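Single-structure report; data block below.
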């Protein structure tokens with residue numbers, strides 16, 4: 001099994017659809033992603049977790065849906081990127097929305113990558129498998145830098 005970086009990097013999956021959540025986790029594991037995955041089903045709980053002192057020493061990578069209850073993905077992304085403690089946390093948008101205006105908005109707010117979820121099951125699992133392979137080799141900046 002691979003890990004994202006030499007230090008332990010935890011994946012925060014923010015996804016409210018239980019079916020998508022299971023498929024994402026299952027296919028990331030199949031691709032060799034062995035790191036901790038913490039699931040949140042709404043935007044506020046994800047932010048609460050990121051901003052708690054018990055998680056501030058962890059390295060995080062956020063996989064974020066846009067269509068979420070309580071706080072939507074745009075609000076979550078904006079708050080992550082505007083906060084000095086979390087602005088370097090990589091955020092990958094993973095959503096069904098593929099409108100150019102929405103993609104532009106996410107990059108303007110500071111997302112690091114934008115991936116559209118395919119509708120077809122086979123395509124969806126293939127995209128997540130490729131994402132897992134990517135996550136197994138990506139390097140993140142040190143928390144101290």
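Does residue 123 qualify as being at pLDDT 95 or above and in a helix (DSSP H, G or I)? No; evaluated as a whole, the condition is false for this residue.
On the stretch given as the stretch 81-106, residues that are part of a helix (DSSP H, G or I), touching a helix residue (DSSP H, G or I) at 6+ places or on another chain (Cβ under 7 Å) and within 14 Å of residue 51 (Cβ to Cβ) total 1. The one condition from (1) under 19 Å from residue 41 (Cα atoms); (2) crowded, with 18+ Cβ neighbours inside 10 Å; (3) at pLDDT 95 or above that residue 109 does not meet is (1).
The single condition among (1) assigned to a helix (DSSP H, G or I); (2) farther than 21 Å from residue 10 by Cβ; (3) in contact (Cβ under 8 Å) with a residue 12 or more places away in the chain that residue 24 does not meet is (2). Evaluation of residue 25 against the conditions (1) under 17 Å from residue 127 (Cβ atoms); (2) at pLDDT 90 or above; (3) surrounded by fewer than 16 Cβ atoms within 10 Å (Cβ to Cβ) shows that the sole unmet condition is (3). Residue by residue through the stretch 28-51, note down the ones that are under 18 Å from residue 126 (Cα atoms), in a helix (DSSP H, G or I) and in contact with a strand residue (DSSP E or B) (Cβ under 9 Å, 6 or more places away or on another chain). Of everything in the stretch 28-51, those that are under 18 Å from residue 126 (Cα atoms), in a helix (DSSP H, G or I) and in contact with a strand residue (DSSP E or B) (Cβ under 9 Å, 6 or more places away or on another chain) turn out to be 28, 29. None of 80, 92 is within 10 Å of the chain's Cα centre (by Cα) and touching a residue at least 24 places away in the same chain (Cβ under 8 Å) except 92.
The values are calculated or read from the model by the stated rules, or taken from the named source; none is laboratory data. Predicted model, so just to flag it, every value in this text is computed and none were measured. Counting neighbours? That spans all protein chains shown, and the Cβs are built from the backbone with ideal geometry, glycine included.
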